[in-house]
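Notes to accompany the following structure.
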Amino acid sequence: MEKIKYLLLVTLSIITCISCDDDSEFGSGVDQTLIGFSNSTQDLSIQIDETQDFEIQINSTTLSDSERTIIFTISDLSTLDPSFYSISSMSITIPANEFFGSTTVTIQDVVGNVADPETIILEIVSQDDFVTGSSVTTTLSVGINCPFVYSEIPEGLYEVTQSDFGDFFGDTTTTRTIELGPGENQVTILEGEFPIEGSDPLIITLNDAGNVIAVNEDGLAFGNGPVSADNNFPPNFYLLGSSEGTVLSCIGRFELILNYSPFNGNVHSFNLKFIE
């Protein structure tokens, strides 16, 4: 499988003032301490099947003669699947006589089915011995950097990860075979969308960015199988959907948006993931 780089950008969203008494663990003889996530931006490149660590720091503007512990949580607004990352500790300890403390976020094999960035949002938890005022958060944005190269699209067996109309038809065929061709920047899905409905191979045409710009409109999509016979569905042929689908060549992902003719107005997703 081709390598892929994933870009991790960390954005500091808020740093707020913390008011403490002189005798609090954050005070150490001063009336006010600034506490916040100290990294504003950070890049992380990761290859498929590799795991890398990213250090997250919280800093204080003052020193203390005792260690200070800041607890944080993962916001419900986070979008990255937790199976792609782990955090070594959900609290950060700033050692005595130090300004900084850290924890480690481990990112592994972030692939997903979309090129849009996913996020991990961390929030500092208010404690009795200090207050945060407005919420102090940091957002880790994990995106896919996957330049499209037609010749690098993997040929072979693909798993169907989403098939909106296939689910309706009760399609039990969970894999498809994909080949490059027959024409320039074209890809053929040999079994088509619905094998049990007698579908023809689905041929998609891509532009230089990997966006789907055409399908074989003379290809039978469904209408020659048991579901069509039982429901009096006429033969229907492939149409491109209302928005472009995308092919991620470096990891073998197909995200297709299709429609039918004459059974029009049924825009649906048909997504596939390379297996072998």
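The values are calculated or read from the model by the stated rules, or taken from the named source; none is laboratory data. None of these values were measured; they are calculated from a predicted model. Cβ coordinates were reconstructed from backbone atoms using ideal geometry, including for glycine residues, and neighbour counts include every protein chain displayed. Just the protein is used for accessible areas: all its heavy atoms, side chains included, with ligands, DNA and RNA removed. Shrake-Rupley method; radii C 1.70, N 1.55, O 1.52, S 1.80 Å.
Checking the stretch 221-244 against the condition returns a match, with at least one residue being within 26 Å of the chain's Cα centre (by Cα) and under 17 Å from Phe148 (Cα atoms).
Table: residues versus (1) part of a loop (DSSP other than H, G, I, E, B); (2) closer than 18 Å to Glu159 by Cα.
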position: Asp171; (1), (2): yes, yes
position: Glu191; (1), (2): yes, yes
position: Glu217; (1), (2): yes, no
position: Ser242; (1), (2): yes, no
position: Ile251; (1), (2): yes, yes
position: Phe254; (1), (2): no, yes
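The condition of being modelled with pLDDT of 85 or more, open to solvent by less than 20 Å² (accessible area, probe 1.4 Å) and within 30 Å of Ser249 (Cα to Cα) holds for only one of Val105, Val10, Val110, that being Val105.
Considering the stretch 133-146, the residues that are over 23 Å from Leu248 (Cα atoms) and open to solvent by less than 10 Å² (accessible area, probe 1.4 Å) include one that is modelled with the lowest pLDDT, namely Val136.
When the stretch 195-214 is filtered for residues that are in contact (Cβ under 8 Å) with a residue 60 or more places away in the chain and surrounded by fewer than 19 Cβ atoms within 10 Å (Cβ to Cβ), the ones remaining, listed by number, are Asp208, Ala209. If the condition is being assigned to a loop (DSSP other than H, G, I, E, B), open to solvent by less than 40 Å² (accessible area, probe 1.4 Å), free of Cβ contacts under 8 Å to residues at least 60 places away in the same chain and within 21 Å of Thr139 (Cβ to Cβ), then the stretch 59-90 contributes only Ser78.
Checking the conditions here, which among Glu244, Glu217, Glu255 is of a type in the set (D, E, K, R), open to solvent by less than 60 Å² (accessible area, probe 1.4 Å) and closer than 18 Å to Val267 by Cα?
Glu255
Can you name the residue in the stretch 149-169 that is assigned to a helix (DSSP H, G or I) and under 23 Å from the mean Cα position of the chain (by Cα) and is also nearest to Asn207 (Cα to Cα) among such residues? Break it down into steps so the answer makes sense when it comes.
Step one: filter the stretch 149-169 for residues assigned to a helix (DSSP H, G or I), giving 150-152, 164-169.
Now restrict to residues that are under 23 Å from the mean Cα position of the chain (by Cα): 150, 152, 164.
Values: Tyr150: 9, Glu152: 14, Asp164: 25 Å.
Among those residues, the one meeting the criterion is Tyr150.
Report yes if some residue within the stretch 175-186 is among the β-branched types (Val, Ile, Thr), out of contact with any Asp or Glu (no Cβ under 8 Å at 6 or more places or on another chain) and open to solvent by 30 Å² or more (accessible area, probe 1.4 Å); otherwise report no. Within the stretch 175-186, not a single residue is among the β-branched types (Val, Ile, Thr), out of contact with any Asp or Glu (no Cβ under 8 Å at 6 or more places or on another chain) and open to solvent by 30 Å² or more (accessible area, probe 1.4 Å).
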